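The values are calculated or read from the model by the stated rules, or taken from the named source; none is laboratory data. Because the structure is a prediction, the values reported are computed rather than measured. Cβ placement follows ideal geometry from the backbone for every residue including glycine, while neighbour counts extend to all protein chains displayed.
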Amino acid sequence: MNKRVAVTFNEPDRVVAYEAALAGVGLEPVRNPESLEGLAGLLLTGGTDVNPALYGEAPHPETQPSDDQRDALEIRLLKQALEMNLPVLAICRGLQLFNVVHGGTLIQHLENRLHEKRTDLPVSADNHTATVKPETKLAAIIGSGKIAVNSRHHQAIKKVGEGLRVSAMSEDGVIEAVERPDKAFAVAVQWHPEDRCMVDARDRKLFESFAAAVEQL
């Protein structure tokens, strides 16, 4: 029987790619559960901007309207996962919320359009490069050094949250990944591996490693 993991979202059509990636590594996704009881991991997905009030700022003119219900659900589930030491994989908005929960802040709008590329490109397209730092959990999963990543975000980490380690940076200095080194698996990336996990071995390894951590429970 496949192990069940939570997957959070606010747009049903956009959760499909994440669910397919989870199913592809033998995990059964459970949509927006109220609790992680009986579940073996947490996948935080992309979506609308985290409410800047959560990190003590007023909204930037380019910041999207907040989804307070989703913010509250994901904060509760993430804290529960970390307390239970369940595997966590956070993607795009998920990385940003992961950082905020640890006391970090966000750049509310990136003026550099390098990172905000969306639906006009095939899923195999590489939008820009990032560098994975050696001796990190991420490096152990996908290797260190330069990698090609895709992007569709206009926000990013500003102040890194307490206890987090930066594990990848983009070519223009934007943080592309962070992790909790004291946890068995708590990895967050700014790009979208769910889009390319069927065509890119490194993106698939993120989901395979998440599944391996889940299976060890």
- Note on the structure: Exactly one of Gly47, Gly38 is surrounded by 15 or more Cβ atoms within 10 Å (Cβ to Cβ), under 30 Å from Glu215 (Cβ atoms) and either among the small types (Gly, Ala, Ser) or touching a Gly at 6+ places or on another chain (Cβ under 8 Å) (or both), and that residue is Gly47
- For segment 77-96, which residues satisfy the criterion of being among the charged types (D, E, K, R) and in contact (Cβ under 8 Å) with a residue 40 or more places away in the chain? Arg93
- Message: Here are the criteria: (1) touching a Gly at 6+ places or on another chain (Cβ under 7 Å); (2) modelled with pLDDT under 95; (3) not polar (S, T, N, Q). Tell me which single one Glu116 does not satisfy.
- Response: (1)
- Task: Would you confirm whether any residue within segment 142-156 is more than 15 Å from the chain's Cα centre (by Cα), modelled with pLDDT of 95 or more and crowded, with 20+ Cβ neighbours inside 10 Å?
- Result: yes
- Task: Restrict the check to segment 147-156 and report whether at least one residue is in contact with a Cys (Cβ under 9 Å, 6 or more places away or on another chain) and of a type outside the set (S, T, N, Q).
- Result: yes
- Working only within segment 125-141, note down all residues that are part of a loop (DSSP other than H, G, I, E, B) and either at pLDDT 95 or above or β-branched (Val, Ile, Thr) (or both). Lys133, Pro134, Glu135, Thr136
- Among the residues of segment 58-75, write down those that are touching a residue at least 24 places away in the same chain (Cβ under 8 Å) and not in a loop (DSSP other than H, G, I, E, B). Arg70, Asp71, Leu73, Glu74, Ile75
- What are the pairs, 6+ residues apart or on separate chains, where a residue within segment 1-19 that is under 14 Å from Ile91 (Cα atoms) has its Cβ under 7 Å from a residue that is in a loop (DSSP other than H, G, I, E, B) and of a type in the set (A, V, I, L, M)? Ala6/Leu36; Ala6/Leu39
- Matching residues, segment 50-59, being surrounded by 17 or more Cβ atoms within 10 Å (Cβ to Cβ) and not hydroxyl-bearing (Ser, Thr, Tyr): Val50, Asn51, Pro52, Leu54
- Counting only residues that are at pLDDT 95 or above and part of a loop (DSSP other than H, G, I, E, B), which one in segment 76-107 is farthest from Leu217 (Cα to Cα)? Thr105
- Task: Go through segment 167-217 and count every residue that is in a loop (DSSP other than H, G, I, E, B), charged (D, E, K, R) and under 17 Å from Tyr18 (Cβ atoms).
- Result: 2
- Selected residue (criterion: modelled with the lowest pLDDT) from residues of segment 12-56 that are closer than 14 Å to Gln96 by Cα and either part of a helix (DSSP H, G or I) or among the charged types (D, E, K, R) (or both): Asp49
- Right, Leu27: under 17 Å from Phe185 (Cβ atoms) and either in contact with a Leu (Cβ under 7 Å, 6 or more places away or on another chain) or among the basic types (Lys, Arg) (or both) or not? no
- Message: Of all residues being under 14 Å from the mean Cα position of the chain (by Cα) and of a type in the set (D, E, K, R) in segment 180-202, which is surrounded by the most Cβ atoms within 10 Å (Cβ to Cβ)? Just the residue, please.
- Response: Glu194
